[in-house]
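Below is one structure, written out as structure tokens; comments come after it.
The values are calculated or read from the model by the stated rules, or taken from the named source; none is laboratory data. All figures in this text were calculated on a predicted structure; none of them were measured in a lab. Neighbour counts are summed over all protein chains in view; Cβ atoms, including those assigned to glycine, are modelled from backbone coordinates with ideal geometry.
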Amino acid sequence: MSAPFLGLRTVIYYVTDLAAARDWYTKFLGIEPYFNEPFYVGFTVGGYELGLHPTAAPAEIQGKYATVYWGVEDVEAVYQNLLSAGATPYEKPENVGGDIVVAAVKDPWGNAVGIIYNPHFKVE
């Protein structure tokens, strides 16, 4: 039997303009990437990695099949900040049961960026 999964480590968004995406995420996240090369840019966000990978694929096919949700304390505020930074609406903030609230936007390269407030989830 193989070893169990250890949990989410890295999320990679594909972007058509790596330098512009690096700058956009640097500004929005408020942190510099820890890895910055012409073939990949990596940020450490709350103990996880957000990677940016260059692609020539059109935005219409990016972000359609999975949405990764990043934990936040205030979904509405972060959602509005993302829109102000140039993201476009994808899923408006919604309570999905109990105290759990989710929303999602599309970054300028068409990737779905989800945000979630879930008081029941604790990082160990």
| note | Scanning the range 89-105 for residues that are among the β-branched types (Val, Ile, Thr) and either out of contact with any helix residue (DSSP H, G or I) (no Cβ under 9 Å at 6 or more places or on another chain) or part of a loop (DSSP other than H, G, I, E, B) (or both), the one nearest to residue 30 (Cα to Cα) turns out to be 100
| message | Going by what's in this entry, would residue 56 be described as over 20 Å from residue 118 (Cα atoms), part of a loop (DSSP other than H, G, I, E, B) and either modelled with pLDDT under 95 or not assigned by TED's automatic domain parsing to the domain that holds residue 114 (or both)? | response | yes
| note | Of the candidates 76, 91, the one satisfying the condition of being surrounded by 14 or more Cβ atoms within 10 Å (Cβ to Cβ), under 16 Å from residue 112 (Cβ atoms), modelled with pLDDT of 90 or more and in contact with a strand residue (DSSP E or B) (Cβ under 9 Å, 6 or more places away or on another chain) is 91
| What is the residue count in the range 106-124 for residues that are part of a strand (DSSP E or B) and over 18 Å from residue 50 (Cα atoms)? | 1
| query | What number of residues within the range 10-53 satisfy the criterion of being among the basic types (Lys, Arg) and either in a loop (DSSP other than H, G, I, E, B) or surrounded by 13 or more Cβ atoms within 10 Å (Cβ to Cβ) (or both)? | reply | 1
